[in-house]
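Heads up: the structure comes next, in structure tokens.
The values are calculated or read from the model by the stated rules, or taken from the named source; none is laboratory data. These numbers were taken from a predicted model, which means no experiment stands behind them. Cβ sites come from the backbone with ideal geometry, for glycine too, and all protein chains shown count toward neighbours.
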Amino acid sequence: MFPHTLSCRPIVVDANSTIKLVVAPHNSESLEVSCDGHVTLAVLPGDEIIIKRSCDRLHLIHPKGYNYFHVLRNKLGWGSKLF
């Protein structure tokens with residue numbers, strides 16, 4: 001959801017969607033799933049990964065002066081001169 005480059009595009013789906021990924025049986029046995037770069041889980045050929053909305057709510061806090069769009073502009077170079 002939060003790419004650091006424009007070549008890594010997010011996929012946006014409805015909040016009530018369920019996404020099912022199946023690891024192909026012909027893949028190697030040293031595969032990992034990374035969740036936003038923080039949690040890494042080992043998976044094996046044939047494993048299923050189910051992604052769906054949690055019933056739990058997440059409350060986020062930010063420091064005073066935090067500006068989401070300022071962060072995006074800095075990370076993606078929005079508004080910077082090309083030359």
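Here are the numbers for this structure:
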item: Subset of region 19-35 that is surrounded by 10 or more Cβ atoms within 10 Å (Cβ to Cβ) and at pLDDT 85 or above - its residue that is farthest from Arg53 (Cα to Cα); result: Leu31
item: Region 17-40, residues that are in contact (Cβ under 8 Å) with a residue 24 or more places away in the chain and within 17 Å of the chain's Cα centre (by Cα); result: Ser17, Thr18, Ile19, Lys20, Leu21, Asp36
item: Residue list for region 41-65, filter: more than 18 Å from the chain's Cα centre (by Cα) and surrounded by 10 or more Cβ atoms within 10 Å (Cβ to Cβ); result: Leu44, Pro45, Gly46, Asp47
item: Sole exception among (1) touching a strand residue (DSSP E or B) at 6+ places or on another chain (Cβ under 9 Å); (2) small (Gly, Ala, Ser); (3) at pLDDT 85 or above for Gly65, by number; result: (1)
item: Ser7 being under 30 Å from Arg73 (Cβ atoms), assigned to a loop (DSSP other than H, G, I, E, B), modelled with pLDDT under 90 and not hydrophobic (A, V, I, L, M, F, W, C); result: yes
